[in-house]
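Report on one structure; see the data block that follows.
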Protein chains: 2
Amino acid sequence: MTSGGVDAAERGANMAKLKITETVLRDAHQSLIATRMSMDEMYDILPAMDEVGFYSAEVWGGATFDACIRFLDEDPWERLRIIRKRMPNTKLQMLYRGQNMLGYRHYADDLVEYFVQKSVANGIDILRIFDALNDIRNLEASIKATKKEGAHLQAAISYTTSPVHNLEYFVKYAKDLENAGADSICIKDMAGLINPTTAPELVKALKETVKIPVQLHTHYTSGLASMACYKAVEAGCDVIDTAMSPLALGTSHPATESMVAAFKGTPYDTGLDLKKLDVVRAHFAKLREKYLANGLLSPKVMGVDANTLLYQVPGGMLSNLVSQLKQAGKEDQFEDVLKEIPNVRKDSGYPPLVTPTSQIVGTQAVFNVIMGERYKMVTKEFKGLVRGEYGRTPAPIDPEFRKKIIGDDKPIDCRPADLLEPEVEKMKAELPAKYNEQEEDVLTWAMFPQVAPKFFESRRQKKYGIDGEHLDAENGVHPV
Amino acid sequence: MTSGGVDAAERGANMAKLKITETVLRDAHQSLIATRMSMDEMYDILPAMDEVGFYSAEVWGGATFDACIRFLDEDPWERLRIIRKRMPNTKLQMLYRGQNMLGYRHYADDLVEYFVQKSVANGIDILRIFDALNDIRNLEASIKATKKEGAHLQAAISYTTSPVHNLEYFVKYAKDLENAGADSICIKDMAGLINPTTAPELVKALKETVKIPVQLHTHYTSGLASMACYKAVEAGCDVIDTAMSPLALGTSHPATESMVAAFKGTPYDTGLDLKKLDVVRAHFAKLREKYLANGLLSPKVMGVDANTLLYQVPGGMLSNLVSQLKQAGKEDQFEDVLKEIPNVRKDSGYPPLVTPTSQIVGTQAVFNVIMGERYKMVTKEFKGLVRGEYGRTPAPIDPEFRKKIIGDDKPIDCRPADLLEPEVEKMKAELPAKYNEQEEDVLTWAMFPQVAPKFFESRRQKKYGIDGEHLDAENGVHPV
Ligand SMILES: [Co+2]
Ligand SMILES: [Co+2]
């Protein structure tokens, strides 16, 4: 069901030794400018990007969906269809949070599956799915749906450091993912924690265990990303994520042009043409200037975040802690909070520090310190994490500790989504008829019930005029 | 003659496998903010920097001398003495352009030697000397003087790419430098051309040839620097140049904290403490914000310069070309000029593209293109380069070509400085007595005859009050 007369299997087929996933249309701008790149800003350059010969382009999913309807007044489905049409020769990739889809709660299986179906139908070739806790049960529905649609299932491992996150842990999870049907494995290092020693070690261990390709996704936050990628590739990593240089480095990824140049003439040569990349670069260089001028891009996110190096926690989490402590007038206890974080992580089964667990752990550590007593006050979200609402934590939680935190509440040890009733039909019934322009709208509605109505209304008015109020949306007749 | 009761030999003595030269006080701010960091801005942090245990800190030379007197109204000699006093445990390093000293012409040997003597006397432990053309004869006087003063002589190779700049060429030059007395060799890659393949190749070849330590100095311009350093260290590189993260990346160097973290736990562990570095980082982070706010630091220099990757010429040279072409209304001939550069380089014996040769070659290429005929118009500087005024070019120049360019002018094939009369006594006689506050002033006067008087006058007025006009400077009596 892809357009342009090109089969997904034919896309990106080349003999290059190292493959590149270009992220400038998704993670790069999500990381640097809060996902605010609009279709207008990408439209013109898509054919030139298609010319480059990237293995794939990450263009959708993650926060793009939310940003489209919340801030950009843009139909995310239409964005996907346009990109598909204008990049017929490049595999299109999305980031999908498994049972969380692209929203902020666990959704029922039928909705998760319906979303996958529609993503593929509208042009996605590769779904990168991940779970914050690496609980494979939270990926089951997505895996099943992706396989059913015949798309490439890239299963991502949320990378973190902790006593339980050793090679054995990651290798076992990767093997489980391969057995579950993954077509490739992605090491997803959101925080830029992986380094030029651990990256090749992990890649090597994975390559010895799984038969499918291994991809590395890491952020430049701590200034280690290009070195980690280089060493990972030498250790056998098949694909790396990079971003066109104007939106690279800082909280984004290694620069595409630099990595292409770095491997030129080596056994890992990407085969990509720096001249073709330069055409693409020129487009995004203008956008970079625009974002700097309008303040969307701050030089603050472009430097090296040395705190990540020092404390092994993501930079964004630290700034949250600082502002929470400031609000409480307890800035002087920052060091204590930093020391408390490993304790809270240990108590809660060593969750990777990624949304939403980074906020949950960080906030609880702040409370533990400023209350002067550990777990005297416990957040609702921390209770949820300990209770098992987010899934199985990487290490088991001590039953006594759990009892202390959730009292007589019953812990959840089943797959969280098993507790959810099917919701597609319910959502279809709820979606106001006047907003229903395409089958995909029910998914937008289900994920963003607060934001979707305003977006739908705006779309409706753009289509039918400001007097769309009087329109009979059911039969699409517009009164003159 | 160093202060603080610490011998130069004792400084930086530790068992770390990889050594770090911290550049934030010289090259980092020279590269990012046109060398405008003032003593006021560095003063407070110097003791904390001294605590870190860097192998050395590059703090002087290069453009700092010029910037001090031209823009900062600061005595560069006084700056050096203050840094020396406040960093007694760290080897202090300067960049010295050999026969060019820190100015813009060739100076006589006696002046070159006098400058070295005063640099060491005021606190320099390591002199990094280099010549733009890698003509060792332009380093002879500096080498002799450095050895005489008992300082560490670091001989730098101007790195570039060309058909003659192969491993054999570099290895031979390094051997010559070692034979001439060099205590270490620095690969000086001004433009960020060296990559993760060529850096370790060159390091390995040098390590196999010379017995002295090898250091890598490269700029982040093209986004390759951290990878090149990492691979160079694996190949045996003993020291790398880095910059504290707030003034790293872009046209500067790899971030100190990132490189320290990258090698942590490896056989190349620097042994430096990220917590101590964090204290230093915090200071420069505030300066970074200040420079961004006052416009000294532009986000433009903080990205990846993909043109260097594409054309193998330094980014600064390309922007000069663009503005020259604009002035001539010939922007459309940019590609032609890029194609002409290799021809001009070949004709002129493949000079490295570094100040001043980058400008000389670039401007000539522009003339060749816009005049529609090669060498129809030849600049005075290009004539000088071809005639041998700057020294011996890496490849010999075809005599017929030389004849075409300089006509009947006699080519110079001796050591250029042999044509210069001693000038210390002359300069001493010229220096107005009222400006003579210290022996070093004659060196300031000799290098910057246009700028020095204004600086001296300002210093005098600060010292003796605005009515310093009436002062008898000879005996230092200030009329009340
Ligand atoms: Co990411
Ligand atoms: Co430099």
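Contact residues in region A:291-314 (at least 10 Å² less accessible area with all protein chains than alone, 1.4 Å probe): A:292, A:299, A:300, A:302, A:303, A:304, A:306, A:307, A:309, A:310, A:311. Leaving ligands and nucleic acids aside, the A/B contact buries around 3000 square angstrom of accessible area in total at a 1.4 Å probe radius. Under a model in which nothing but the beta-carbon of Lys, Arg (+1) and Asp, Glu (-1) is charged, region A:51-92 shows a dipole of about 220 debye around its Cα centre. Around the amide H of residue B:35, modelled in the peptide plane, lie the amide H atoms of B:30, all under 5 Å away and 5 or more residues distant in sequence or on another chain. Expressed as a whole percent, the accessible area of region A:313-417 that falls on carbon and sulfur atoms is 49 (1.4 Å probe).
For chain A, the Cα gyration tensor yields ellipsoid semi-axes of 33, 30, 23 Å (square root of five times each eigenvalue, largest first, whole Å). Applying the Karplus relation 6.51 cos²θ - 1.76 cosθ + 1.60 with θ = phi - 60° to region B:99-109 yields 3J(HN,Hα) values of 5, 7, 6, 10, x, 10, 9, 7, 9, 5, 4 Hz, where x marks Gly and Pro. Rounded to the nearest Hz, the phi-derived 3J(HN,Hα) couplings of region B:209-214 under the Karplus curve 6.51 cos²θ - 1.76 cosθ + 1.60 (θ = phi - 60°) are 9, 10, 8, 7, x, 10, where x marks glycine and proline. A 1.4 Å probe over all protein chains sorts B:190, A:317 by accessible area into B:190, A:317, starting with the largest.
With a ≥ b ≥ c the root eigenvalues of the C-alpha gyration tensor of region B:272-314, is it rounded (a/c under 1.5), prolate (a/b larger than b/c) or oblate? Since a/c reaches 1.5 but b/c is at least a/b, the shape of region B:272-314 is classed as oblate. log10 I(q)/I(0), Debye, Cα-only region A:257-358, no solvent, q = 0.19, 0.20, 0.24 Å⁻¹? The Cα Debye sum returns log10 ratios of -1.00, -1.04, -1.24. Search the structure for amide H atoms under 5 Å from the amide H of residue B:186, placed 1.01 Å from N in the peptide plane, and list their residues when 5 or more places away or on another chain. Here B:155, B:156, B:157, B:215 satisfy the definition. Summing charges over all other residues whose Cβ lies under 14 Å from the Cβ of residue A:200, with Lys and Arg as +1 and Asp and Glu as -1, gives -2. For the protein assembly as shown, the solvent-accessible area works out to 39 Å² per residue, with a probe of 1.4 Å and every protein chain left in place.
Ordering B:208, B:22 by accessible surface, largest first, gives B:208, B:22; the 1.4 Å probe counts only protein heavy atoms, with every chain in place. With a threshold of 27 Å on the Cα-Cα distance, the over-threshold entries among A:175/A:346; A:118/A:211; A:207/B:207; B:264/B:300; A:147/A:207; A:286/B:275 are A:118/A:211; A:207/B:207; B:264/B:300; A:286/B:275. For region A:9-88 versus region B:344-412, the spacing of their alpha-carbon centroids is 47 Å. The reciprocal of the average 1/r between distinct C-alpha atoms defines the Kirkwood hydrodynamic radius, which for region A:313-417 equals 13.9 Å.
Contact order for region B:67-225, expressed relative to its length and based on alpha carbon pairs under 8 Å spaced 6+ residues apart, stands at 17 percent.
Taking other residues whose beta carbon is less than 11 angstrom from the beta carbon of residue A:306, and scoring Lys, Arg as +1 and Asp, Glu as -1, yields -1.
Computed on the Cα atoms alone, the convex hull of region A:17-293 gives a volume of 115 cubic angstrom per residue.
In µm²/s, what is D for region B:63-123 at 10 °C and 1.306 mPa s, where D = kT/(6 pi eta Rh) by Stokes-Einstein and Rh is the Kirkwood radius from Cα pairs? Answer, rounded: 128 µm²/s.
Counting only DSSP H runs of at least 4 residues, each contributing -39500 (n - 2.57), and dividing by the residue count of chain B, the helix-based mean residue ellipticity at 222 nm comes to -13000 deg cm²/dmol.
Note on residue A:376/residue B:211: beta-carbon distance plugged into 1/(1 + (r/R0)^6) with R0 of 51 Å gives a FRET efficiency of 0.20. Ranked by the mean number of other Cβ atoms within 10 Å of their residues, highest first, the peptides A:446-454, A:177-185 come out as A:177-185, A:446-454. How many percent of the accessible area of region B:15-293 is carbon or sulfur, using a 1.4 Å probe? Carbon and sulfur atoms account for 52 percent of the accessible area of region B:15-293. Per-residue Karplus couplings for region A:217-228, computed as 6.51 cos²θ - 1.76 cosθ + 1.60 with θ equal to phi - 60°, are listed in order as 10, 9, 9, 7, 2, 9, x, 9, 4, 5, 5, 4 Hz, Gly and Pro entered as x.
Compared with its chain on its own, region B:240-279 contains the following residues whose accessible area drops by 10 Å² or more in the full protein assembly (probe 1.4 Å; ligands, DNA and RNA excluded): B:245, B:249, B:257, B:258, B:261, B:262, B:266, B:274, B:275, B:278. Of the options B:49, B:205, B:361, report the single residue whose Cα projects farthest towards the positive end of the charge dipole of the protein assembly as shown (beta-carbon charges: Lys, Arg +1; Asp, Glu -1). Toward the positive end, the furthest listed residue is B:205.
Mind grabbing the base-10 log of I(q)/I(0) for the protein assembly as shown at q = 0.04, 0.05, 0.07, 0.08 Å⁻¹? Debye formula, identical points on the C-alpha positions, no solvent, two decimal places. For the protein assembly as shown at q = 0.04, 0.05, 0.07, 0.08 Å⁻¹, log10 I(q)/I(0) is -0.23, -0.35, -0.66, -0.83. FRET efficiency for the residue A:168 to residue B:319 pair, using the beta carbon distance and R₀ = 56 Å, is estimated at 0.60. Normalising the Debye intensity of region A:424-470 to I(0), with uniform scatterers on Cα atoms only, and taking log10 at q = 0.17, 0.21, 0.22, 0.23 Å⁻¹ returns -0.45, -0.66, -0.72, -0.77.
Only Lys, Arg, Asp and Glu carry charge here, each on its Cβ (+1 for the first two, -1 for the last two); on that basis the protein assembly as shown has a dipole of about 440 debye about its Cα centre.
Quick one: grab the alpha carbon gyration tensor of region B:75-181, order the square roots of its eigenvalues as a ≥ b ≥ c, and give me rounded if a/c is under 1.5, else prolate or oblate depending on whether a/b is larger than b/c. Here region B:75-181 falls in the prolate category. Of the trypsin sites (Lys or Arg not before Pro) in region B:334-410, the ones in a loop by DSSP (not H, G, I, E or B) with at most 11 other beta carbons within 10 Å are B:376. Database remark: amide H of residue A:61 closer than 5 angstrom to the amide H of A:95 (H placed geometrically; neighbours at sequence offset of 5 or more, or on other chains; Pro and chain starts carry no H). Near residue B:235, once Lys and Arg are set to +1 and Asp and Glu to -1 for all other residues with Cβ below 9 Å from its Cβ, the sum equals +1. When the charge dipole of the protein assembly as shown is built from unit charges on Cβ atoms (+1 for Lys and Arg, -1 for Asp and Glu) and taken about the Cα centre, the candidate among B:393, A:397, B:164 whose Cα reaches farthest toward its positive end is B:164. In percent, rounded to a whole number, the relative contact order of chain A is 15, using alpha-carbon pairs under 8 Å and six or more apart.
Can you give the accessible area of residue B:233, probe radius 1.4 Å, in Å² rounded to 10? Number for this one is 0 Å².
Restricting the calculation to Cα atoms, region A:118-228 shows an Rg/Rh of 0.97 when the hydrodynamic-style radius is the Kirkwood one.
Placing unit charges on the Cβ atoms only, positive for Lys and Arg and negative for Asp and Glu, gives chain A a dipole magnitude near 720 debye about its Cα centre. Packing, taken as the mean count of other beta carbons within 10 Å per residue, orders the peptides A:67-77, A:135-145 from highest to lowest as A:135-145, A:67-77.
Across region A:125-213, Cα pairs under 8 Å and at least six residues apart give a relative contact order of 30 percent.
The values are calculated or read from the model by the stated rules, or taken from the named source; none is laboratory data. Just so it is clear, the structure is predicted and the values come from calculations on it, not from any experiment. Here the Cβ is made from the backbone with ideal geometry for all residues, glycine too, and neighbour counts use every protein chain on show. Heads up: the accessible areas ignore ligands, DNA and RNA and are worked out on the full protein's heavy atoms, side chains in. Shrake-Rupley method; radii C 1.70, N 1.55, O 1.52, S 1.80 Å.
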